[in-house]
1. Please specify each residue of segment 63-85 satisfying the condition of being without any contact (Cβ under 8 Å) to a residue 60 or more places away in the chain and either surrounded by 11 or more Cβ atoms within 10 Å (Cβ to Cβ) or closer than 19 Å to residue 40 by Cβ (or both).
2. Can you tell me which residues in segment 105-159 are on the phi > 0 side of the Ramachandran plot, more than 16 Å from the chain's Cα centre (by Cα) and modelled with pLDDT under 90?
3. Within segment 39-91, can you find the residues that are touching a helix residue (DSSP H, G or I) at 6+ places or on another chain (Cβ under 8 Å) and not in a strand (DSSP E or B)?
């Protein structure tokens, strides 16, 4: 009788599945995808307060748009926050805007990313910050009314 009493809880527990939740590392990892307002490029602030940098998760493409430049290309994301940009194409008509002028070359130097508060920081091989962006969805375009947006801002959100 004692053996049956000892085995009874074991037998009953075998009838019910035990579900153990497993943490998904992607649930906690910040998301680099989406639109970011550029606040620093190579140590310079963009002249255009509405300069936007967009990283698409659907096609491994990226774009950056401001009043005087459009940059696009492809990116690769790897483990341990590795990030590189390639096939960079630039239509850059910025003659006086230092940040916008340096953007294509700074993107070629990116090797990784990190999050600092609500900002995305792109780092070069030495770990120096070369680009900083703040997630766009938490902001409105500077100087824009709720109903009106600049065409390049709409273009950046679409890309």
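1. 68, 69, 71, 73, 74, 75, 77, 81, 82, 83, 84, 85, listed by residue number.
2. 143
3. 42, 45, 46, 47, 48, 50, 51, 66, 67, 68
The values are calculated or read from the model by the stated rules, or taken from the named source; none is laboratory data. Note that the structure is predicted; figures quoted are calculated from it, not measured. Because the Cβ atoms are built from the backbone with ideal geometry, glycine has one as well, and the counts that use them run over all protein chains shown.
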